[in-house]
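Take a look at the structure set out below.
The values are calculated or read from the model by the stated rules, or taken from the named source; none is laboratory data. What you see is a predicted model, and the numbers here were worked out from it, not measured in a lab. When we count neighbours, we look across all protein chains shown, and the Cβ atoms used for this are built from the backbone with ideal geometry, even at glycine. Only protein heavy atoms, including side chains, enter the accessible area calculation; ligands, DNA and RNA are left aside. Shrake-Rupley method; radii C 1.70, N 1.55, O 1.52, S 1.80 Å.
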Amino acid sequence: MFAEMMFGPRWDPSSGAGSAGLVEAAALPADRMAVELQAVVMAVYGGSRMQDLTSCIPKPLLPVGNKPLLWYPLNMLERAGFEEVIVVTTREVQKYIPDMKLRVEVVCLPEDKAAEMGTADSLRHIYSRIKSDVLVLSCDLITEVALHEVVDLFRAHDATLAMLMKKAPEPAEHVPGQKGKQKAVEERDFIGVDDSGSRLLLLANEEDLDDGLNLKKCLFQRFPRVHMKMGMLDAHLYCLRKYVLDYLADNSSFSSVRRELVPYLVSKQFSQKDADQEIDKKDIYSYIPRDDLQEMALTKSSWNDHRGDMKEPYHGSGLRCYVHTARNELCCRVNSLAMYMEANKQVPQSSILIEEPRVHVTADIADKLLVGADSMIGEQTKIGEKTSVKHSIVGAKCVIKDRVKITNCIIMNGVVINDCCALQGSVVCNKAVLQGGADIKDCLLGSGLRVSSKEKRVNEIIVGNEQLMEI
């Protein structure tokens with residue numbers, strides 16, 4: 001099984017070394033990972049479950065731990081040794097791409113079509129720039145999972161697709177403005193894997209299970225034991241072969257990678273036609289490169305590679321899908337207001353920001369002992385006397401005056417909070433102003449909003465041009 005193969009010698013089917021070429025199974029070196037894969041980060045609109053928040057700020061620029069959301073996948077790629085990346089985005093986001101060491105090539109989608117284009121459409125849009133296998137990430141993924149754990153699956157099994165999934169989190173108890181409202185349902189998946197837990201055999205959305213699950217006989221002929229897992233979430237990190245992009249370029253019917261392309265690839269693994277039958281030009285199998293010399297060598301190769309771990313990569317289907325499931329590491333997709341709140345709680349405590357100061361050196365705090373160790377304070381922010389900040393994130397260039405209480409909040413950039421205000425469980429967007437004595441609990445306040453003196457608000461979402469009270 002794969003777990004056994006990781007700790008012993010193995011043959012690399014992509015090396016062409018045959019049975020004489022043994023390589024040690026270890027994490028893929030960072031420089032080789034970057035050479036073998038082109039990195040693409042999707043940073044377009046999105047945020048259908050958090051429109052109240054993204055109506056104020058484009059999703060890729062939402063601050064998490066005082067870093068824009070887009071910074072996290074770029075930082076992961078940089079730490080993994082990538083030197084360049086393609087960022088697919090809009091002109092609005094392009095102006096604020098974070099400064100990174102890796103070279104960022106920005107491709108803006110057409111403004112009149114960007115809102116309607118899915119991830120597969122976006123890959124089709126940059127197809128001329130893709131020269132090799134690709135690593136596709138969503139800008140809303142924040143994870144401590146080592147990137148090589150997904151890429152190693154991709155390489156070791158000569159996979160068509162390798163992806164990252166995680167167990168769905170427990171629903172958040174407190175979400176601003178949503179008390180008594182029906183909570184958004186996550187797109188949870190039902191998957192089937194082999195004994196190793198890494199070969200992805202089945203994939204279906206849990207919403208579709210009411211109609212039953214269609215299981216192919218040929219699947220159980222090859223994999224008598226299939227392990228079922230429910231409540232899984234797609235982390236939107238995919239390794240894809242170049243021929244999948246070739247296929248995608250010729251098939252405009254695919255709009256989404258997650259909803260359409262990935263389920264298609266998983267379902268097609270066990271439907272390959274016989275060699276003597278003509279393969280449909282619109283079928284993915286017609287795009288898989290064929291090497292007659294290599295196929296002849298494999299049929300005449302040694303006894304060992306016809307059994308055990310290497311049987312499938314050498315002699316199995318030409319289409320193979322694999323999945324790495326996150327264990328206890330931080331792995332979250334910021335695709336709802338609840339997950340946005342949760343990410344701002346978890347990320348500052350994670351290894352991702354371990355080198356980032358909790359309090360920026362330029363921040364001016366009158367009573368530092370009143371700022372909790374689990375809080376973060378951004379650059380050039382001023383905090384007055386007898387003001388307490390607990391379990392909260394405060395952005396840059398904020399002015400928080402005397403005797404203010406802030407608990408379990410996200411305060412974005414340029415916010416002004418006057419004397420004696422109290423904030424709990426709330427999100428306050430850029431440049432909002434709270435006059436003295438305002439009391440805000442479990443609310444979302446949009447960019448530029450003004451709250452009048454001694455105003456009290458509970459469980460409300462107020463964004464856009466709507467004002468709490470004219471001043």
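Tabulated values for the structure
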{"item": "Selection status of Met100, open to solvent by less than 10 Å² (accessible area, probe 1.4 Å) and over 14 Å from Leu141 (Cα atoms)", "result": "no"}
{"item": "Odd one out for Val151, checked against (1) within 30 Å of Val428 (Cβ to Cβ); (2) open to solvent by less than 40 Å² (accessible area, probe 1.4 Å); (3) modelled with pLDDT of 95 or more", "result": "(1)"}
{"item": "Per-region count, the range 154-174, residues buried (at least 19 other Cβ atoms within 10 Å of the Cβ) and of a type outside the set (S, T, N, Q)", "result": "11"}
{"item": "Residue, farthest from the chain's Cα centre (by Cα), within the range 386-396, restricted to residues that are of a type in the set (Ser, Thr, Tyr) and part of a loop (DSSP other than H, G, I, E, B)", "result": "Thr387"}
{"item": "Qualifying helices (runs of 4 or more DSSP H) (wholly inside the range 182-273; at least 1 residues being among the acidic types (Asp, Glu))", "result": "242-250"}
{"item": "Verdict on Thr407 being of a type in the set (Ser, Thr, Tyr) and farther than 15 Å from Pro176 by Cα", "result": "no"}
{"item": "Selection count where residues are assigned to a loop (DSSP other than H, G, I, E, B), open to solvent by less than 20 Å² (accessible area, probe 1.4 Å) and of a type in the set (A, V, I, L, M, F, W, C), scope the range 397-435", "result": "8"}
{"item": "Residue in the range 34-42 that is open to solvent by 30 Å² or more (accessible area, probe 1.4 Å) and touching a strand residue (DSSP E or B) at 6+ places or on another chain (Cβ under 6 Å) present", "result": "yes"}
{"item": "Selection status of Arg457, charged (D, E, K, R), crowded, with 17+ Cβ neighbours inside 10 Å and either at pLDDT 95 or above or assigned to a strand (DSSP E or B) (or both)", "result": "yes"}
{"item": "Any hit, the range 363-373, residues being more than 24 Å from the chain's Cα centre (by Cα) and touching a residue at least 40 places away in the same chain (Cβ under 8 Å)", "result": "no"}
{"item": "Pair list, Cβ under 9 Å, 6 or more apart: the range 140-156 residue under 25 Å from Met50 (Cα atoms), other residue among the hydroxyl-bearing types (Ser, Thr, Tyr)", "result": "Asp140/Tyr72; Leu141/Tyr72; Ile142/Tyr72; Ile142/Ser350; Thr143/Tyr72; Glu144/Ser350; Glu144/Ser351"}
{"item": "Residues located in the range 126-137, provided they are in contact with a Lys or Arg (Cβ under 9 Å, 6 or more places away or on another chain) and either open to solvent by 20 Å² or more (accessible area, probe 1.4 Å) or free of Cβ contacts under 8 Å to residues at least 24 places away in the same chain (or both)", "result": "Lys131, Ser132, Asp133"}
{"item": "So Arg225, is it surrounded by fewer than 16 Cβ atoms within 10 Å (Cβ to Cβ) and either farther than 16 Å from Lys167 by Cβ or in contact with a His (Cβ under 7 Å, 6 or more places away or on another chain) (or both)", "result": "yes"}
{"item": "Considering residues of the range 345-376 that are assigned to a loop (DSSP other than H, G, I, E, B) and aliphatic (A, V, I, L, M) only, the residue surrounded by the most Cβ atoms within 10 Å (Cβ to Cβ)", "result": "Ala363"}
